[in-house]
Amino acid sequence: MLPLLVVFCLGVFNFAAHKAMLESGHPMLAQVPWLFQPLGGRLSLIVEFVMLLGAMIMAAAGSAGWTWVYLLYSTLNGLAAWLMASGRV
């Protein structure tokens with residue numbers, strides 16, 4: 001139950017960071033592949049949801065490894081969001 005809660009909390013963080021980056025108007029967003037540009041980049045939120053759903057299903061099934069992988073993904077996602085928001089990239 002704890003890994004599922006951890007993945008859920010990380011998912012909330014990932015969605016917040018993702019949404020903030022979509023609304024930031026950062027110039028790097030203009031270079032996003034064509035697959036993610038429809039709906040103003042909102043299609044990428046669907047990909048984010050699918051990743052969260054998969055990680056939650058695996059965590060609920062007892063796979064702690066997927067929790068660690070999602071934690072690593074969240075860390076990298078947060079780092080990228082911080083770099084873009086702070087103007088370092």
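What follows draws every value from the coordinates through simple rules; no lab data is involved. Keep in mind that what you see is a predicted model, and the values were worked out from it rather than measured. With ideal geometry, Cβ positions are generated from the backbone for all residues, glycine too; neighbour counts draw on all protein chains shown.
Protection proxy ranking, highest mean first, for peptides 21-28, 7-14: 7-14, 21-28, where packing is the per-residue count of other beta-carbon atoms within 10 Å, averaged.
Relative contact order of the chain: 49 percent, from C-alpha pairs under 8 Å at least 6 residues apart in sequence. Okay, which of segment 60-82 sit inside 13 Å, backbone N to the point 7 Å along the Cα-Cβ direction of His26? Once the point is set 7 Å along Cα→Cβ of His26, 76-82 turn out to lie under 13 Å by backbone N, inside segment 60-82. Given R₀ = 25 Å, FRET efficiency for Ile57-Phe13 by Cβ-Cβ distance, to 0.05? Efficiency, from the Cβ-Cβ distance: 0.85. Computed over neighbours whose Cβ is under 13 Å from that of Lys19, the net charge equals -1, Lys and Arg +1, Asp and Glu -1.
Per residue, the convex hull spanned by the Cα atoms of the chain measures out at 85 cubic angstrom.
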